[in-house]
Structures are given as C-alpha cells and as structure tokens.
Amino acid sequence: MTFDDLVRRQIASGFAGLSGSAANATIRVSAAALNEAIAAALPPDGRVRTVTVNPLTGNALDVTVVLKPALLPALHPRLIIERQATLPGDPVLVLRVTGAAGSLMPLARLFGVAAHLPPGVRLEADRLFVNLHEALDARGQAGWLDYVTELHVGTDESALVVRFAVHVRAPK
C-alpha cells in the first residue's frame with residue numbers, strides 16, 4: 001500500500017484513523033496562485049473575461065474585472081473584507097466594493113455579470129457574498145468544511161492569508 005492509498009482510505013473513512021486530531025494552520029496564497037484559481041472558476045460562457053486580484057495589506061484587495069464584450073470598460077473595484085464566515089452556521093464571507101468602481105456596479109448588473117458569477121458568489125448592491133459551502137459544493141469539495149472549526153481570511157501584501165483550525169471528530 002502506498003502513502004497515497006493510505007490517504008485515500010482515510011479520506012473515504014472520514015479520517016477515522018485520525019479521530020480526535022486537531023490542527024491550526026496559516027496558509028499564504030500568493031496573488032499568482034489566487035488568480036489562477038479564480039481563472040479556473042470563471043464560467044467560459046459568462047460575462048466576465050478575466051479577474052485579476054492583487055491582495056493589499058489590511059484586508060483589502062485591488063481587483064480588475066474585464067467584461068465581455070471587450071468594448072466595455074474594465075472595472076477596478078477595491079474589495080474590503082467586511083465580515084468573516086462563521087463555520088459551520090454561516091459560511092458566507094462578505095466583501096464591500098469601494099472606490100470609484102462602486103459607481104460602475106450598475107453597469108455590471110446591466111450586462112448580467114451578477115447572473116454569471118461562479119457558484120456560491122453573488123453581488124448585491126455594493127457587497128460581494130462568497131458562500132464557501134456552495135462554492136466548494138459545486139466542485140464536490142464541501143465535505144472538507146466539516147473539519148473546519150475556525151476560519152479567518154485576511155490579506156497581506158501580495159497574498160491572501162487564510163488561518164484555520166480543524167478537528168477530526170469520531171466517526172458516526
């Protein structure tokens with residue numbers, strides 16, 4: 001049996017062999033890795049051509065959104081992390097759209113951008129809501145949230161910083 005086989009068996013069993021284990025971690029996701037993940041999540045038939053995110057110090061993200069058709073101006077909102085997701089009860093991260101791009105949000109709605117966002121992401125007025133459960137469920141990965149007991153998403157210069165605690169409970 002390889003290590004990969006062992007890991008697959010543990011995942012399939014709900015980590016029964018690790019019951020009672022707990023861990024805390026901080027993961028820094030570079031802007032490049034974040035943008036690669038966003039590009040992979042954008043629907044090919046959507047109204048958004050590209051999204052580029054530049055994390056800044058202080059829970060802020062500078063974003064460039066290029067819409068389809070190409071003749072539309074790019075949007076350049078700054079997003080501020082306004083509210084953290086609270087797991088398991090409220091898996092929604094809330095970001096507020098600030099800056100001059102906030103006044104262009106009606107343009108984004110007019111061209112149907114909000115209707116073509118990835119699963120779990122919705123735009124309402126000047127708020128972007130990211131439902132982590134729905135976003136992960138669309139990729140068959142929502143089960144991982146069963147292990148997360150604490151989650152905090154922040155930013156640092158050029159990196160998204162994700163702090164989390166996990167706990168493996170006894171199998172049911």
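Kindly indicate whether residue 65 is under 17 Å from the mean Cα position of the chain (by Cα), of a type outside the set (Lys, Arg), at pLDDT below 95 and surrounded by 19 or more Cβ atoms within 10 Å (Cβ to Cβ). When the stated conditions are applied, residue 65 passes them. For region 121-169, the strands (runs of 3 or more DSSP E) that sit wholly inside it and include 2 or more residues that are over 27 Å from residue 78 (Cα atoms) are 148-156, 159-167.
From the list 132, 136, 151, exactly one residue is in contact (Cβ under 8 Å) with a residue 60 or more places away in the chain, closer than 23 Å to residue 30 by Cα and buried (at least 17 other Cβ atoms within 10 Å of the Cβ). Which is it?
Working: 132 fails: in contact (Cβ under 8 Å) with a residue 60 or more places away in the chain; 136 fails: in contact (Cβ under 8 Å) with a residue 60 or more places away in the chain.
Criteria check complete, one pass: 151.
Within region 23-34, the presence of at least one residue that is under 16 Å from the mean Cα position of the chain (by Cα) and farther than 22 Å from residue 118 by Cβ is confirmed. Each residue in region 1-31 was checked for being in contact with a Phe, Trp or Tyr (Cβ under 8 Å, 6 or more places away or on another chain) and either among the aromatic types (Phe, Trp, Tyr) or loosely packed, with under 10 Cβ neighbours inside 10 Å (or both), and 2 pass.
The values are calculated or read from the model by the stated rules, or taken from the named source; none is laboratory data. This one's a predicted model, so the numbers in the text were calculated from it and none came from an experiment. Counting neighbours? That spans all protein chains shown, and the Cβs are built from the backbone with ideal geometry, glycine included.
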